[in-house]
C-alpha cells in the first residue's frame with residue numbers, strides 16, 4: 001500500500017488540478033449570501049443541476065428571508081418538492097429565515113460558528129457559505145471531497161469531520177477554499193464514484209487508488 005501523500009505532494013496535486021480546472025468555483029447559482037444559503041440547504045442529497053433548475057425561477061420571486069416567511073411553508077414545499085426531502089428542507093429554510101430576521105437583522109451571519117446556529121445548517125453548509133461569500137478559509141467536505149481526499153491519498157479517515165481536520169493540516173490555509181472546489185470539479189468530471197476515469201486523470205501518478213490497481217482494497 002502506498003503511503004499517504006506528503007504535504008508537498010498534496011500541494012503538487014492541487015496545482016495540477018488547478019491547471020485542469022482553472023475556473024473551479026461554486027456551481028450553485030446565486031446572487032447573494034442568502035440565496036447561496038438556501039441553495040446549499042436544498043443541495044443535500046440532490047445534484048447542483050437540479051437545485052439550480054428549481055432556484056432559477058424561485059429566486060426571482062423569493063430571495064430574502066422575509067419573502068419566505070410571507071410565502072409560508074406549504075407553498076415552499078410545493079416549489080422545492082423535486083429536490084427531495086422537501087419537507088425537512090422547507091422546515092430548515094423557514095427556520096433559518098426566521099432566525100436571520102430575529103437575531104441577525106435580516107442579514108446572513110459571516111462566521112462559521114454563527115451560521116451553524118441556523119436551523120438545518122451543519123458544518124458543510126456553513127463552510128460553503130462562509131468561504132464562498134465572505135472569504136473565510138474553509139474546506140467543506142461533501143461526498144466528492146470525502147471520496148477523493150481518501151481515494152487519492154491525501155488522508156485516510158472514516159468520516160467527514162476527521163477528513164476536514166486532516167485536510168486542514170495537510171493543505172495551506174490560503175488554499176482551503178480552492179482545494180474544496182478543485183476536488184468537487186474533479187469528482188464530478190473525472191474521479192467519479194463508481195467508474196473513475198483513471199486513464200484520463202492528470203494526477204494518476206500520485207493517486208493511491210490508481211497505483212494499487214483495480215480490485216485491490218476498498219473503493220472510496
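The values are calculated or read from the model by the stated rules, or taken from the named source; none is laboratory data. What you see is a predicted model; the values in this text were computed from it and never measured. Using ideal geometry, Cβ is built from the backbone for each residue, glycine included, and neighbour counts are taken over all protein chains shown.
Which of the residues spanning region 167-182 are surrounded by fewer than 21 Cβ atoms within 10 Å (Cβ to Cβ) and out of contact with any helix residue (DSSP H, G or I) (no Cβ under 8 Å at 6 or more places or on another chain)?
Matches in region 167-182: 169, 173, 174.
Determine whether region 127-140 contains at least one residue that is more than 15 Å from residue 180 (Cβ to Cβ), in a loop (DSSP other than H, G, I, E, B) and modelled with pLDDT of 95 or more.
For region 127-140, residues more than 15 Å from residue 180 (Cβ to Cβ), in a loop (DSSP other than H, G, I, E, B) and modelled with pLDDT of 95 or more: absent.
Which residue out of 24, 39, 44 is modelled with pLDDT of 95 or more, assigned to a loop (DSSP other than H, G, I, E, B) and either under 18 Å from the mean Cα position of the chain (by Cα) or assigned by TED's automatic domain parsing to the domain that holds residue 144 (or both)? Give the steps one after another, and end with the answer.
Details: 39 fails: assigned to a loop (DSSP other than H, G, I, E, B); 44 fails: modelled with pLDDT of 95 or more.
Among 24, 39, 44, only 24 is modelled with pLDDT of 95 or more, assigned to a loop (DSSP other than H, G, I, E, B) and either under 18 Å from the mean Cα position of the chain (by Cα) or assigned by TED's automatic domain parsing to the domain that holds residue 144 (or both).
What about residue 195, is it surrounded by fewer than 21 Cβ atoms within 10 Å (Cβ to Cβ) and either under 20 Å from residue 29 (Cα atoms) or at pLDDT 95 or above (or both)?
no
Restricting attention to region 94-121, report how many residues are closer than 20 Å to residue 46 by Cα and either touching a helix residue (DSSP H, G or I) at 6+ places or on another chain (Cβ under 6 Å) or surrounded by fewer than 18 Cβ atoms within 10 Å (Cβ to Cβ) (or both).
4
Just to be sure I understand the filter: pairs with C-beta atoms under 6 Å, separated by 6 or more residues or on different chains, first member in region 18-31 and over 17 Å from residue 52 (Cβ atoms), second member in a loop (DSSP other than H, G, I, E, B). Which pairs pass?
Hits for this filter: 20/202.
If a residue must be under 14 Å from residue 46 (Cα atoms) and in contact (Cβ under 8 Å) with a residue 40 or more places away in the chain, how many such residues does region 62-90 contain?
3
Do we find that residue 4 is in a helix (DSSP H, G or I), in contact (Cβ under 8 Å) with a residue 24 or more places away in the chain and in contact with a helix residue (DSSP H, G or I) (Cβ under 9 Å, 6 or more places away or on another chain) in this structure?
no
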